[in-house]
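Single-structure report; data block below.
The values are calculated or read from the model by the stated rules, or taken from the named source; none is laboratory data. For clarity, every value in this text was computed on a predicted model and none was experimentally measured. Using ideal geometry, Cβ is built from the backbone for each residue, glycine included, and neighbour counts are taken over all protein chains shown. Quick note on the areas: whole protein, heavy atoms, side chains included, nothing else; ligands and nucleic acids left out. Shrake-Rupley method; radii C 1.70, N 1.55, O 1.52, S 1.80 Å.
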Amino acid sequence: MTTLTPILSKFWDHPHSWTLETYEANDGYKALKKAFGMEPSALVGMAKDSGLRGRGGAGFPTGMKWSFLPPPDGGPRYLVVNADESEPGTCKDIPLMMAAPHFLIEGVAITSFAIGCNHAFIYLRGEVVHVYRRLMRAVEEAYAAGHLGKNIHGSGFDLDVTVHAGAGAYICGEETALLDSLEGRRGQPRSKPPFPAVAGLYARPTVVNNVESIASVPPILLHGADWFAGMGAEGSKGFGIFSLSGHVTRPGQYEAPLGITLRELLDMAGGMRDGKQLKFWTPGGSSTPLFTAEHLDIPLDFDSVAKAGSMLGTRALQIFDETTCVVRAVDRWTDFYKHESCGKCTPCREGTWWLKQITGRLEHGQGTEEDLEKLLDICDNILGRSFCALGDGATSPVTSSIQYFREEYLDHLRHGGCPFDRDASSLFAKEKASV
């Protein structure tokens, strides 16, 4: 049985976990002082040796991304933290910033020193105003304590941190759309190359990393790359936050080594609610192909999940029991992707619209069996042809649900509507209105 590894979540239950006082009482900012005694190149090497892969979904090696920056040319270079968490089911970065924001801020300072950045940006989803306020307060505390600003701890290193609240576009979670939005333009993905490492924010060398990726840097530096690499699986080192939501007894954040299975996590979470049976689940958010009960023992690491036909993504484990209509779930996800398409490229703009028309029709028992083939054909014309990964992600629940639950789609046609009781899948019992 794999055990939990509370590191980033170690003191989330403290009454004032978000304060600088609590963070410093738990070894906070010791790693930053250690970093100033090292060469920046050694910090980049440490990130590589640890095996840390990006925690934002793609899983690209973090140290390698840092090393892609060209040699210094006397001009500015930037670190941008992608805190635009907004995919259905994904809910790890916002709790982390809410409960322990100084992990992120210390990680920003260490990473900035490693890559030669003197101005870092945290791009936060604008709707989470409570998190924005907490993050701003944490930045103020860090400045007042000398962890940010001029000549930090007498090192000669200067760093300013700007927290920027976006306007709520899911597309701004794509790194180049985020950069355009940060520059004041409409958030739409850029053509690559050039990649951000060469020409990113303000056309200068830029590293874009996820919140959890950067927050993991201080513990790695404090305890060593070997300590981090000693956890997890081959090719997927370290720990991560697994977000269990939906039909589980105790939904929440479970911090564990990569490679843990859903069966183990479900045991920790008290199993399925009311003893019901698992029907389907997402290993990495709504943009990843669905899994079923037959995948309960798949190790949740990048390679094992990919081999099984899905993606680890952001480890957003949405759990659905037997009361849930898979067609309705996919229809609602598709509605989200259609709404959030930025419209820049035709495959995504037109394709997601048509996916929504057809899934909506099927959910209401209309259309024909040929519509399933039409859905797959549209997905085939979006996948790999859209400007960014939003279009690809929109196809994942559609194709995987038809693969595993084709008969359920056909049942909608046979019944002339959805055969499921919507109230039964609700998390909370609905009271009947009195007459």
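Values for this structure:
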{"read-out": "Test: residue in region 282-299 that is more than 20 Å from the chain's Cα centre (by Cα), open to solvent by 20 Å² or more (accessible area, probe 1.4 Å) and in contact (Cβ under 8 Å) with a residue 40 or more places away in the chain", "value": "no"}
{"read-out": "Count of residues meeting criterion [farther than 15 Å from residue 83 by Cβ and open to solvent by 20 Å² or more (accessible area, probe 1.4 Å)] in region 95-135", "value": "4"}
{"read-out": "Within region 362-385, considering residues that are under 14 Å from residue 348 (Cα atoms) and in a loop (DSSP other than H, G, I, E, B), the one least open to solvent (accessible area, probe 1.4 Å)", "value": "384"}
{"read-out": "Subset of region 214-237 [outside any helix (DSSP H, G or I) and farther than 19 Å from residue 302 by Cα]", "value": "224"}
{"read-out": "Cβ pairs under 7 Å, 6+ apart, first in region 152-163 and within 16 Å of residue 106 (Cβ to Cβ), second open to solvent by 20 Å² or more (accessible area, probe 1.4 Å) and part of a helix (DSSP H, G or I)", "value": "153/33; 157/113; 163/132; 163/136"}
{"read-out": "All positions within region 300-333 that are open to solvent by 40 Å² or more (accessible area, probe 1.4 Å) and either free of Cβ contacts under 8 Å to residues at least 60 places away in the same chain or not in a loop (DSSP other than H, G, I, E, B) (or both)", "value": "303, 306, 307, 322, 328, 332"}
{"read-out": "Failed item in (1) at pLDDT 95 or above; (2) open to solvent by 20 Å² or more (accessible area, probe 1.4 Å); (3) at positive phi, with residue 338 passing the rest", "value": "(3)"}
{"read-out": "Candidates 240, 270, filtered to the one that is buried (at least 24 other Cβ atoms within 10 Å of the Cβ) and either outside any helix (DSSP H, G or I) or more than 15 Å from the chain's Cα centre (by Cα) (or both)", "value": "240"}
{"read-out": "Any hit, region 210-219, residues being touching a residue at least 60 places away in the same chain (Cβ under 8 Å), among the polar types (S, T, N, Q) and open to solvent by 40 Å² or more (accessible area, probe 1.4 Å)", "value": "no"}
{"read-out": "Residue in region 352-361 that is touching a Pro at 6+ places or on another chain (Cβ under 9 Å) and surrounded by fewer than 21 Cβ atoms within 10 Å (Cβ to Cβ) present", "value": "no"}
{"read-out": "Answer residue from region 243-256, given it is open to solvent by 20 Å² or more (accessible area, probe 1.4 Å) and in a strand (DSSP E or B) and is nearest to residue 316 (Cα to Cα) among those", "value": "245"}
{"read-out": "All positions within region 52-70 that are surrounded by fewer than 17 Cβ atoms within 10 Å (Cβ to Cβ) and within 15 Å of residue 314 (Cβ to Cβ)", "value": "58, 60"}
{"read-out": "Breaking point among (1) closer than 24 Å to residue 258 by Cα; (2) part of a helix (DSSP H, G or I); (3) acidic (Asp, Glu), for residue 21", "value": "(1)"}
{"read-out": "Matching residues, region 386-395, being open to solvent by less than 10 Å² (accessible area, probe 1.4 Å) and among the small types (Gly, Ala, Ser)", "value": "391, 393, 394"}
{"read-out": "Only one of 51, 28, 45, 59 that is in contact with a Gly (Cβ under 8 Å, 6 or more places away or on another chain), in contact (Cβ under 8 Å) with a residue 24 or more places away in the chain and among the small types (Gly, Ala, Ser)", "value": "51"}
{"read-out": "Residue in region 93-114 that is over 24 Å from residue 14 (Cα atoms) and part of a loop (DSSP other than H, G, I, E, B) present", "value": "no"}
{"read-out": "Odd one out for residue 140 among (1) part of a loop (DSSP other than H, G, I, E, B); (2) free of Cβ contacts under 8 Å to residues at least 40 places away in the same chain; (3) of a type in the set (Asp, Glu)", "value": "(1)"}
